[in-house]
């Protein structure tokens with residue numbers, strides 16, 4: 001049986017299987033019913049490993065062991081496999097979330113917080129900066145920074161980028177707004193900006209930007225700014241810089257304040 005390497009790679013990524021597992025699984029799919037020895041030969045997997053692999057696939061719900069001798073295996077339909085994988089993945093994720101939630105009030109978190117506090121005290125203010133690679137990491141750090149806001153959040157974005165940020169950051173923006181944090185958002189005027197303004201109604205004041213940029217200022221202390229235009233860079237290669245310096249953050253906020261006064265407020269329909 002010949003299966004393309006790129007196809008096997010996709011299966012490994014989608015179903016979280018190792019190379020031997022996808023080889024044995026696809027071999028069984030092509031046969032319907034088969035023995036471990038036959039599958040080993042077809043898939044070019046060492047016989048010493050085939051039984052372990054088949055046992056693993058059985059536990060994951062990909063195959064069924066047929067009663068009788070010699071032992072044979074039956075392939076479960078791909079549609080059913082997808083549903084089983086979805087169910088198992090959700091169950092595992094829920095269990096992990098539960099374990100993490102249970103950590104909140106334990107000695108583990110208290111000890112970790114103590115270590116972090118002690119470590120931060122030893123860090124020079126000029127060292128509180130870092131490079132953030134990939135849009136996923138950027139948005140994660142933006143969410144973390146916004147969550148700690150006490151007074152103000154200033155967000156400047158492109159219009160399409162703002163829609164993405166609204167999707168990912170709206171819950172945390174809503175939380176800080178409820179605490180009385182002043183949230184201001186701006187981007188160039190487009191239909192996307194109107195949609196974003198509608199989504200942020202009651203959470204933030206949204207205006208038509210007269211400046212082009214991508215940055216976040218929180219409490220006039222921390223700044224995250226993206227160094228490239230999101231229209232010209234793949235999300236994986238997007239890069240941002242995080243700095244924790246009141247001097248620079250206040251200067252940038254003061255300059256933004258001058259531009260903000262001349263921006264037109266977006267009214268939702």
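None of the figures in this text is laboratory data; all of them are computed from the coordinates on show. These figures come from a predicted structure and were not determined experimentally. Positions of Cβ are backbone-derived with ideal geometry, glycine not excepted, and every protein chain shown enters the neighbour counts.
Computed quantities for the displayed model
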{"read-out": "The chain - mean residue ellipticity at 222 nm from DSSP helices (-39,500 (n - 2.57) per run, n ≥ 4, rounded to 500)", "value": "-17500 deg cm²/dmol"}
{"read-out": "Over region 53-206: Rg over Rh, Cα atoms, Kirkwood Rh", "value": "1.17"}
{"read-out": "Gain in span if fully extended, residue 143 to residue 245, counting 0.36 nm per residue against the direct Cα distance", "value": "34.9 nm"}
{"read-out": "Calculated Rg and Dmax of region 42-83 using C-alpha coordinates, Å", "value": "11.1, 30"}
{"read-out": "Debye intensity ratio I(q)/I(0), log10, region 128-265, q values 0.10, 0.16, 0.17 Å⁻¹ (C-alpha model)", "value": "-0.28, -0.77, -0.88"}
{"read-out": "Beta bridges by DSSP in the chain, antiparallel share as percent, to the nearest 5", "value": "75"}
{"read-out": "Additional length obtainable on full extension of the chain from residue 160 to residue 35, 0.36 nm per residue less Cα span", "value": "39.6 nm"}
{"read-out": "Computed lengthening from residue 111 to residue 227, 0.36 nm per intervening residue step minus Cα-Cα distance", "value": "38.1 nm"}
{"read-out": "For region 208-269, projected area of the alpha-carbon convex hull averaged over all directions, nm²", "value": "5.5"}
{"read-out": "Residues residue 67 and residue 18, FRET efficiency given R0 of 25 Å [Cβ-Cβ distance, rounded to 0.05]", "value": "0.35"}
{"read-out": "P(r) histogram, all alpha-carbon pairs of region 5-81 included - 5 Å bins from 0, percent", "value": "3, 18, 31, 28, 16, 4, 1, 0"}
{"read-out": "Region 5-81, relative contact order in percent, only Cα pairs under 8 angstrom and at least six apart counted", "value": "28"}
{"read-out": "Value of Rg to Rh for the chain (Rh from inverse mean 1/r over Cα pairs, i.e. Kirkwood)", "value": "1.15"}
{"read-out": "Förster-model FRET efficiency, 51 Å R0, residue 255 and residue 77, C-beta, rounded to 0.05", "value": "0.25"}
{"read-out": "Length-normalised contact order for the chain - Cα pairs under 8 Å, 6+ apart - percent", "value": "15"}
